[in-house]
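First comes the structure, then the notes that go with it.
The values are calculated or read from the model by the stated rules, or taken from the named source; none is laboratory data. Computed from a prediction, not measured in an experiment: that's the story for all the values here. Neighbour counts run over all protein chains shown; Cβ positions are idealised from the backbone, glycine included. What goes into the accessible areas is simple: the full protein's heavy atoms, side chains included, and nothing from ligands, DNA or RNA. Shrake-Rupley method; radii C 1.70, N 1.55, O 1.52, S 1.80 Å.
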Amino acid sequence: MELKKIRGLSDEELKTEQAKAGEQIFRIRFQKSLGNQEGIKKLRVLKTDIARIKTIARERTLSAEREANPVVKNVAPAKSTRTARKNAKKG
């Protein structure tokens, strides 16, 4: 599956596509254990599809978290406590 097509899917559709690919991997592995060598090349394609789907889902959750909790940057650097400790020891 192409990356553009995966990005166009909704969250629910991503979950169903991931489940379908997982089922296909299971079936191919089962057939392989029975001695049937057909479809072994498709395993790599299915694994990469699942990885792409998981990556897109993770990107979406991270972007949603960033929008919900924007990072506030400090303008001024924090004061150093080193000089205060030195002055406390001397005095």
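When Arg60 is tested against (1) over 13 Å from the mean Cα position of the chain (by Cα); (2) under 29 Å from Glu2 (Cα atoms), exactly one condition is not met: (1).
For the condition in contact (Cβ under 8 Å) with a residue 40 or more places away in the chain, open to solvent by 90 Å² or more (accessible area, probe 1.4 Å) and assigned to a helix (DSSP H, G or I), what is the one hit in Arg52, Arg60?
Arg52
Taking the criterion of being open to solvent by less than 50 Å² (accessible area, probe 1.4 Å) and farther than 18 Å from Leu3 by Cβ, the only residue of the range 40-49 that qualifies is Leu43.
Quick one: how many residues across the range 30-39 are loosely packed, with under 13 Cβ neighbours inside 10 Å and in a helix (DSSP H, G or I)? Before the answer, list the steps.
Looking only at the range 30-39, we keep the residues that are loosely packed, with under 13 Cβ neighbours inside 10 Å, and these are 30, 33-38.
Filter again for in a helix (DSSP H, G or I), leaving 30, 33.
Qualifying residue count for the region: 2.
For the range 9-29, a tally of residues being over 18 Å from Thr61 (Cβ atoms) and either open to solvent by 90 Å² or more (accessible area, probe 1.4 Å) or outside any helix (DSSP H, G or I) (or both) returns 5. Condition check for Arg82 on (1) open to solvent by 70 Å² or more (accessible area, probe 1.4 Å); (2) within 25 Å of the chain's Cα centre (by Cα); (3) modelled with pLDDT under 95: one failure, at (2).
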